[in-house]
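Novice: Below you will find the structure I want to go over with you.
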Amino acid sequence: MLIHCKRAYEPATADDGQRFLVDRLWPRGVSRERLQATWLKEVAPSDGLRQWFDHRAERWDAFRRRYWQELAAQPQRLAPLRDALDAGPVTLVFGARDEQHNQAVALRHYLLAHPRRST
């Protein structure tokens with residue numbers, strides 16, 4: 001399972017595979033054509049959690065725990081990502097400046113820790 005994380009302000013590349021914007025808000029100044037990503041707003045952290053976290057590194061561990069709880073409560077929201085991962089590499093696109101403490105990184109860790117179960 002190959003999952004990349006990339007800022008919305010970086011250009012898309014052939015290595016990205018399918019691209020998904022995993023932010024609740026559209027990144028400022030970026031057109032849909034330039035982003036070249038499917039927007040999965042429903043996969044992003046809730047507004048309350050996003051506002052509480054406020055991209056503060058000292059809240060990272062608590063944010064990640066809470067976000068994972070949100071993801072576990074509604075696993076059907078991850079279906080488009082899991083389907084794309086079955087087909088090849090995926091890039092999770094985010095708008096935050098902090099490249100280590102953001103929802104895309106937390107989501108990547110979640111997907112790697114909780115792979116799709118075979119039926």
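Novice: Excluding the sites themselves, what is the longest stretch of the chain that contains no trypsin sites (Lys or Arg not before Pro) in a DSSP loop with at most 15 other C-beta atoms within 10 Å?
Specialist: Values: sites that count: 28, 56, 97, 116, 117.
Counting at most 15 other Cβ atoms within 10 Å as exposed, the longest clean stretch of the chain is 57-96.
Novice: Moving on. In the chain, with Lys and Arg counted as +1 and Asp and Glu as -1 at Cβ, which of these residues, 106, 8, 87, has the Cα nearest the positive end of the dipole, that is, farthest along it?
Specialist: Farthest along the dipole direction, towards plus: 106.
Novice: Okay, moving on. Among 71, 49, 85, which one moves the most in a GNM of the chain with springs linking Cα atoms closer than 10 Å?
Specialist: Residue with maximal mean-square fluctuation among 71, 49, 85: 49.
Novice: Here is a follow-up. Scan around residue 95 for amide H atoms under 5 Å from its own, H built in the peptide plane at 1.01 Å from N, and keep only partners 5 or more places away or cross-chain.
Specialist: Amide H neighbours of residue 95: 8.
Novice: Fully extended, how many nm does the chain gain between residue 86 and residue 100 (0.36 nm per residue separation, minus their Cα-Cα distance)?
Specialist: Working: separation 14, 0.36 × 14 = 5.04 nm, distance 2.53 nm.
Extra length available between residue 86 and residue 100 comes to 2.5 nm.
Novice: For a label point 7 Å from the Cα of residue 73 along Cα→C-beta, name the residues of region 31-52 whose backbone N is under 11 Å from it.
Specialist: 46-49
Novice: For region 3-113, what does the alpha-carbon gyration tensor say about shape, rounded, prolate or oblate, given a ≥ b ≥ c as the root eigenvalues, a/c under 1.5 as rounded, and a/b over b/c as prolate?
Specialist: On the way: a/c = 1.69, a/b = 1.21, b/c = 1.39.
In terms of gyration-tensor shape, oblate.
Novice: Give me, ordered by chain and number, the residues 5 or more places off residue 39 or on other chains with an amide H under 5 Å from its own placed amide H.
Specialist: Those lying under 5 Å, H to H, from residue 39 are 21.
Every number here is computed from the coordinates shown, using simple stated rules; none is lab data. Note that the structure is predicted; figures quoted are calculated from it, not measured. Virtual Cβ from ideal backbone geometry, glycine too; neighbours counted across all protein chains shown.
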